[in-house]
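Heads up: the structure comes next, in structure tokens.
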Amino acid sequence: MTDTNAETEAAKAAPSRLRRALDSDLFYAYRRSPVAVVSSVVALLLILAAIFAPLIAPTNPFDPASLNLMDGFTPPMEPNAFTDNSFFLGTDDQGRDVYSTILYGMRVSLFVGLAAVTFAMVLGIILGLLAGYVGGWTDTIIMRAADVQLTFPSILVAMLIFGIAKGVTPVEYRDQMAIWVLILAIGLSDWVQFARVVRGATLVEKSKDYVAAAQIIGQRPLTIMLRHIMPNVLSPVLVIATISLALAIIAEATLSFLGVGAPPTQPSLGTLIRIGQGFLFSGEWWILFFPACTLLALALSVNLLGDWLRDALNPRLR
Amino acid sequence: MKRLVSAMALTSALAAPAFAEEFKFAVTTDPQTMDPHAVNSAPVLGFLNNVYEGLVRRGKDMTIEPALATSWEPIGDGEGWRFNLREGVTFQDGAEFNADDVIFSYERASDENSDTRSWFAPVSEVIKVDDFTVDIMTSAPNPIFPDSIANWMIMDSGWAEANGATLPDKEAGNYATLNANGTGAFQITTREPGLRTVLEPFDGWWGEVEHNITRAELTPIQNPATALAALLSGDVDFINPVPIQDVARLQGDPNVNVIQGIEARVIMLGFDHQPGESEAGQGGADIFQDARVREAVAKAVNVPAILQTIMRGNAEVASQLVSPAMRGYSEVAGAPYAYDPDSARALLEEAGMAGATFDLKCPNDRYLNDEAVCQAITGMLAQVGLSPTLDAMPVQNYWPELRADNFDMYLLGWSPGTFDAEHPIRFLGSTPNEEKRLGSWNFGAYSNARIDELLPMIQSEIDDTARQAMLDEVATIMQDEYAYVPLYVQPLVWGTRSNIELTQRPDNFFILRWVTVN
Amino acid sequence: MLSFILRRVAQSILVLLIVGAVAFSMFRFVGDPIDNMLGQERTIEDVERLRAQLGLDQPFPVQYFRFLQGAVQGNFGVSFRQGREVSEILLERAPATIELAAVSAVFAVLLGIALGVFTAIRRDGWVANFIMSASLIGVSLPTFLIGILLIYLFSVELGWLPSFGRGETVDIGGWSTGFLTATGLKALILPSITLGLYQMTLIMRLVRSEMLEVLRQDYIRFAKARGLSDRVINFRHALKNTMVPVITIIGLQLGAIIAFAIITETVFQWPGLGLLFINAIQFVDIPVMAAYLMLISVMFVMINLIVDLLYAFIDPRLRVTGS
């Protein structure tokens, strides 16, 4: 889902000049906000856990040869009835250690989320700058393309790219392919809000005297766009990017529910939740509960951070 | 205003007063048509068995019993079968049933536009002897013909002609797609495709009424968790299937009953027997052309462990392409492949295939827990030194992939429509032959000359002992050659509210006239 | 002004054509409809014949052209799955989605504005801060999981609300409504909360920040200085002035609610357009998929068009840059 909220709010933040001293102001505000401190610590811990998953996780759930099916459905901290093995957070239907799958799954989720947001951001900034600065037909084409993009729910974009990619990739790359398809699909459905905010801010900046001055002294449009306009639109972009990251992680989970997510042999948090929801009624609550809590902690901390960042970067709210 | 609202409520289809014997049932797939000849699929035929009837029908134990025909006998030396029709039967619109309707239904169901055409491949001619006698002539002796037409449903010729539905129309649909007029125990009063279908008992039914339903409503619910919630909360009285993992929980709930059985469907692994490159792009010859590799797969897969965990002990190991409940099941080939990972590893070493990469295709929404089973198999094959890649996909992408030969190994479930061991031989065991319509689901092109030779002999053999000997021979050949690796017989799990009594038939058809609401 | 409108309308039509073309080019990747239309005893010959009858053997530009030809005349073809006119099916399913979307929107707007105003007035209160943080939980879990958890709690454990469907509906001139029966109203509760939660959070946050901004303005300070009561200031002056951006967002989000009802309808087996679309994907029902996508596209394009025209009307500067 596109975050129109962030878009409009960030657009309002756009006119604020990027002051050199912003960093210290920001840090001061950060220290004063317990929510910001706690959520950034949680987010950082989770991100570190994901990065160092191979070192922390007791098993590698992505290696099929290491799994013992008979370990399946072991409750947390209890020995398995057949194998007598015991697992910290229990095991899932394939006998995978839930704790390890969460760590590895978070890697997939975070990677997909970060890559998708970066992709959307780069694409959105470039197209937004072009649309706003060049104007005319370039603007029309880009903004109508944005309309087309908004029309397609991300699930359709994902299916489209999935289908095409399937036709052109050899089988041994398909597992990895699913991840790139997700990145592309989520990124593609997200660029519009970046583009719109950047375009709006660019339109405003363009009419200001300093841009006119730069034009008069003969600076090239590219230089003006990157040197002068872009720094002024970065703070709303940063806010959107943070909130988009949370949205992208959730979007990946939703796509997984609709069957176009990460493959079950290399599950993301979303895939784990999709698998786990099948065991909600049967009593194996841990297969759903722990991945869901992790996703909640991750998305919530990133969301809170983005929320705080938006207020902190908007001087009129201070 | 209040009066207006209540007046409108009366006209609504759903606002009928709630009867004590109202029965609500939910299935995963809505029957896509009400035309009994348009689509040959279990959801459609299973549902329409409540509305339409055939000359014969299957009883609670799957045996063939009289329906619109009261008796039948072979003609001469196997030139055909004579059916004596039931008199005094009327269709739900009041028209009388007679031999003309049978002839009409034969022509309709065997037409090019019908999906049921293959049932009539052995038929050369259908002759009306008199108003209540019909001869169905076959081109070769066909001992199992009456078994093979249990789902051939009889439609009224006058009704079809009057409504412009003399032939099924798969593309555009016609009157018979949305309406039904059978001779069965129930008639359709409301049909809203994909939403609900309401049935009420047909007062003029010829048979003896066992059920006490006054109104039944079918709702498709796709999401298994939603269906289960609906059953647990009492919003529906019946769901099919119950997710395997929830069986134990439902068994502990006093308001709910679980009815379990063994389905006719055998789940198996198939191989690419054709020469050519491996799909995983290793460049070499196909690894599964080597029987030792197929044997290694058979020994590497720990079926009992899969059944113990993923299937929660609700399924049985299969040894051949049909379950023991089927006619012609081979006792000789009754021993399943044994789990022996060490020997599998040795076989792979011997064949020089250790570490070979290949691709395992699997549907993820077709069979019970199909994806989880494939995932487990991937792990087991990795443990004996193979390197499989699992490629799971929804069924609408699955069949095109298999048809395009984009696989090294694949998962398949097969339920013999005739409940006879000959059926899978025809579709899975024969060398593919488009002209003779053989081996049309034999995606891997498994081929054995002796099996091709035996099939026509099995089809026309009248003597049961001789026929069984040939079926045994085929089953043994396929087992020895590791043509397929049969895994297990898919379990059948239905869930009902505890005040419902019903009978579960192994073909997973839900028969409303066996339901009692207490 | 007129030329601006005409240009925007022409652009919108172009957008629709592109959406259609993209949609048609992707259908063949969704799967093969034939397998669902024929049973297990079909032959390859049967498959080829049916494919030709459906026109699926044609290249996609031809299929697309045929679709456009029909669509212009309001004929979207016949569903592969149901064998009925697609337009008939869409009309039958639309009331369910529209009612669900409307209730979700009302829920989101009312609660969103109320909480937004509250959190803005009590900016530093702990209740307001709690609401702000808690509201993020709702958008930090995937919709399908929220739906399933709601079903589990309110249908299975507590038994208060139905687990699926629309309950009893009343037919008024072809429009089936769930508003007139008790079961119909009860059935709306869980799906509309699931669907509206995201928008509710969105509106609440927007109202809050708009309110905070407006409350800083000089005229509000002036009103305070004049001794007007807080209530009058907050609701008569401040809230009124926050409404313009809020209404814009609501307009834009209404389209999103309908488009993204797909997930909620799947979880709750809600017989609307989203469920129809998911089923169409499952059975590769190309005519239904195409018609649904066009419908959603038209809706989005219309909303975009109206918003743009309104902006142009309000702010002449944008009109200049836009042309």
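Summing +1 for each Lys or Arg and -1 for each Asp or Glu among the other residues whose beta-carbon sits under 14 angstrom from that of residue B:488 gives -1.
For the range A:192-281, trypsin sites (Lys or Arg not before Pro) are listed when DSSP marks them as loop and at most 16 other Cβ atoms sit within 10 Å of their Cβ; the list is A:208. Neighbouring Cβ atoms from other chains, within 10 Å of the Cβ of residues in C:204-215, number 3 on average. Percent antiparallel among DSSP beta bridges with both residues in the protein assembly as shown, to the nearest 5? Of the beta bridges lying entirely in the protein assembly as shown, close to 75 percent run antiparallel. In plain terms, the residue of C:213, B:87, B:208 with the fewest other Cβ atoms within 10 Å comes first and the most crowded comes last, giving B:208, B:87, C:213. Angle, helix C:126-139 long axis vs. longest principal axis of chain C, Cα atoms, 0 to 90°, nearest 10? The angle comes out near 10 degrees. Within 10 Å of the Cβ of each residue in A:91-100, the mean number of Cβ atoms contributed by other protein chains is 2. For the protein assembly as shown, A:293 have no disulfide-compatible partner, since no other Cys C-beta lies under 4.7 Å from theirs. Once both labels are positioned 7 Å from their Cα atoms along Cα-to-Cβ, the gap between residue C:133 and residue C:171 label points is 5.3 nm. Here the Karplus relation 6.51 cos²θ - 1.76 cosθ + 1.60, evaluated at θ = phi - 60°, turns the backbone of the range B:143-150 into coupling constants of x, 9, 4, x, 5, 7, 10, 5 Hz, with x for every Gly and Pro. Ordering B:37, B:423, A:228 by the number of other Cβ atoms within 10 Å of each residue's own Cβ, fewest first, gives A:228, B:423, B:37. With a ≥ b ≥ c the root eigenvalues of the C-alpha gyration tensor of chain B, is it rounded (a/c under 1.5), prolate (a/b larger than b/c) or oblate? It comes out oblate by the Cα gyration axes.
Distance between the pseudo-spin-label points of residue A:176 and residue C:219 (7 Å out from Cα toward the beta carbon): 6.1 nm.
Answer rounded, prolate or oblate for chain C, using the Cα gyration tensor with square roots of eigenvalues a ≥ b ≥ c: rounded when a/c is under 1.5, else prolate when a/b is larger than b/c, else oblate. It is oblate, given that a/c is not under 1.5 and a/b is not larger than b/c. Structure remark: mean-square fluctuation, Gaussian network model of chain C, C-alpha springs under 10 Å; the largest value among C:113, C:306, C:193 belongs to C:306. Between residue B:208 and residue B:192, residue separation times 0.36 nm minus the direct Cα-Cα distance comes to 2.8 nm. Which net charge results for the neighbourhood of residue A:91, defined as the other residues with beta-carbon distances under 9 angstrom from its beta-carbon, given Lys and Arg at +1 and Asp and Glu at -1? Surrounding charge for residue A:91 is -3.
Among C:214, C:47, C:86, which one moves the most in a GNM of chain C with springs linking Cα atoms closer than 10 Å? Residue with maximal mean-square fluctuation among C:214, C:47, C:86: C:47. Karplus-derived 3J(HN,Hα) values for the range B:105-111, using 6.51 cos²θ - 1.76 cosθ + 1.60 with θ = phi - 60°, are 5, 5, 5, 5, 6, 9, 5 Hz; glycine and proline are entered as x.
Express in % the proportion of alpha carbon pairs of the range B:424-518 at distances exceeding 23 Å. Value for the range B:424-518 (Cα pairs over 23 Å): 48 percent. When the helices of chain B are scored as -39500 (n - 2.57) per DSSP H run of n ≥ 4 and the total is divided over every residue, the value at 222 nm lands at -7500 deg cm²/dmol.
Taking a ≥ b ≥ c as the square roots of the Cα gyration tensor eigenvalues, the range C:1-129 comes out prolate, since a/c reaches at least 1.5 and a/b is larger than b/c.
Computed from the C-alpha gyration tensor, the three semi-axes of the ellipsoid equivalent to the protein assembly as shown are 56, 35, 28 Å, from longest to shortest. Look at where the Cα atoms of the range C:82-153 and of the range A:246-318 average out, and the two centres are 18 Å apart. Expressed as a fraction of 2.2 N^0.38 Å, the value expected for a compact globular protein of N residues, the C-alpha radius of gyration of the range B:374-473 is 1.31. In this calculation the C-beta distance from residue B:251 to residue B:79 is compared with R0 = 51 Å, giving a FRET efficiency of 0.45. For chain B, the antiparallel share of DSSP beta bridges with both residues in that region comes to about 75%.
No lab work stands behind these numbers, since they all come straight from the coordinates. A quick note: this is a predicted structure, and the numbers were derived from the prediction, not measured. Every residue, glycine among them, receives a Cβ derived from its backbone with ideal geometry; neighbour counts consider all protein chains shown.
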